[in-house]
Amino acid sequence: MLNLALVGLNHRTAKLELRERAAFPPSDLPDVLRRLAALPGIKEGLVISTCNRVEMVAHAEPDVDASELLTGFLARERRIPRGELEGRTYGLSGRHAVRHLFRVASSLDSLVVGEPQILGQIRSAYGIAVEASSVRTYLNMLLQAAFRTAKRVRTETNIGEYSVSVSSAAVDLARKIFGTLDRCPVLVVGAGEMAELAVRHLVAGGAKTVRVANRSPEAGQRLATEFSGQAVPLSDLAHWVAMSDIVLTSTGSPEILVGRFMAQSVVRRRKYKPIVFIDISVPRNVDPRVSELDNVFCYDIDDLGAVAEANRAERKQEAAEAERIIGQEVEAFCSRAQAQDIGPAIAELQDRIEGICRGELQRYLRKSGPRNEKETRELEWMVSRIAGKIAHPLITQLKASHHDPDKQDACLETIRRMFVGDTPSENGKSA
């Protein structure tokens, strides 16, 4: 298989403080990606940086220790001593890296299993990488396969129905403190996807007064208008915080927006009436020390884990089915990647064999009558496995002959004559 490596850290391996330091600001990503792709031995690169994970994926030249290059790159770019990363990062290669990426895209590796946001975040990371020209043929094929896998998981399982998103978990925390949200003025700082989800959940949960403060007034106004709320200036943040019972921050700012001094002033102006800060930004926008103040409740992204476990039992069965789908897609992708090692002729061979098998399946289905969706999927998977088993020994023979070009050419020519030439049509004549 081609030299693929993935290095990262996430909510399981690293505390929020380290994830904050490792996170890449979105505005920096294009230049970061260009530097990554320019590393000696690295052909392509991708960076995924979200509130719960920072991961780098690279396609490297053969015999290059890509994991070591990625770890060193992360340490240098984010100015984190290598010693602090040891034991807190993970490195995966080949098939293991493919499986991990497919699980991440399908939301099986998320803090909240089944949450839909991660797929959009990976699509965004991929788009930035395409614009930066750090993703080409191989990583493009990998990411497209990841997106296809995630779509299958969403379509063929009910895992999304049992998810508790970060935003909805945040709203649940606020409801536990206030009981009802209809009399609680809410301030949302930020106007991105996570902020929009938060507003949606707040309104669904009963919130009547919603204000939006954002660095871009236009984006803040659009979000506020969509939910019949009010856009307020970020420059007067302390005033609007004091006017709110619930403050939810979700921005890409690397700075503390609500510090301890501001919170102390706010508490006095509110005459110590309870206030809840829910900070789902990474890096954090609310100083965690504000929770030391009387009647101030402050939660960050890691605090939402317990709330998110509410539907764990229901998700378990759906997650098992999702893992089965991911296993199928990993096998399919790795088979295609192996074919690329040898050359386009092998990919053509696999497509031709699978086309023959699927053609026979379609003929059988037309004759045998309609099947339900589950039976059809199982039959499609069966013929795909048959096609793979037919192709496997041929690929193995070709790989074994890679030291002898003449022998490999002879093998390819024989295979082309057997599978890639004219093929009998359904009526038995040449197509």
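Since every read-out is calculated from the coordinates, none of them should be taken as a lab result. Since the model is a prediction, treat every value here as computed from it, not as a measurement. Cβ placement follows ideal geometry from the backbone for every residue including glycine, while neighbour counts extend to all protein chains displayed.
Describe numerically, in nm with one decimal, the distance between label points set 7 Å from Cα along Cα→Cβ at S124 and at N295.
Placing both labels 7 Å along Cα→Cβ, they lie 3.6 nm apart.
How much mean residue ellipticity at 222 nm does the chain get from its helices, if each DSSP H run of length 4 or more adds -39500 (n - 2.57) and you divide by all residues, to the nearest 500 deg cm²/dmol?
Counting only the DSSP helices, I get -17000 deg cm²/dmol.
Once the piece of chain linking Q328 and A410 is laid out straight, how much longer is it, given 0.36 nm per residue of separation minus the C-alpha distance between them?
26.3 nm
Pairs of alpha-carbon atoms within less than 8 angstrom and 6+ residues apart define the contacts here; what relative contact order does the chain have, in percent?
RCO, the chain: 14 percent.
Roughly how many debye, to the nearest 20, is the charge dipole of region 166-306 about its Cα centre, given +1 on each Lys and Arg Cβ, -1 on each Asp and Glu Cβ, and no other charges?
In total the dipole reaches around 560 debye.
Taking the Cα of M243, stepping 7 Å toward and past its beta carbon, and measuring to each backbone N in region 203-226: which are under 20 Å?
Under 20 Å, as judged by backbone N against the label point of M243, lie 203, 207-226 of region 203-226.
Assign one of three labels to region 1-147, namely rounded, prolate or oblate, based on the Cα gyration tensor with a ≥ b ≥ c the square roots of its eigenvalues; rounded applies when a/c is under 1.5, prolate when it is not and a/b is larger than b/c, and oblate otherwise.
rounded
Cut-off is 10 Å between beta-carbons; in what order do W381, W240 appear when sorted fewest neighbours first?
W381, W240
Cross-link partners among aspartates and glutamates for K271, C-alpha distance below 19 Å, same-chain residues fewer than 8 apart left out?
Hits, sequence-local ones excluded: D245, E292, D294.
With Cα extents along the principal axes in Å defined as stated, name the option among (i) 86, 47, 46; (ii) 67, 55, 49; (iii) 86, 55, 37 computed from the structure displayed.
It is the one labelled (iii).
Work from the charge dipole of the chain (Cβ charges, +1 for Lys and Arg, -1 for Asp and Glu, about the Cα centre) and give the residue of Y299, H96, L6 farthest towards its positive end.
Going by the Cα projections, it comes out as Y299.
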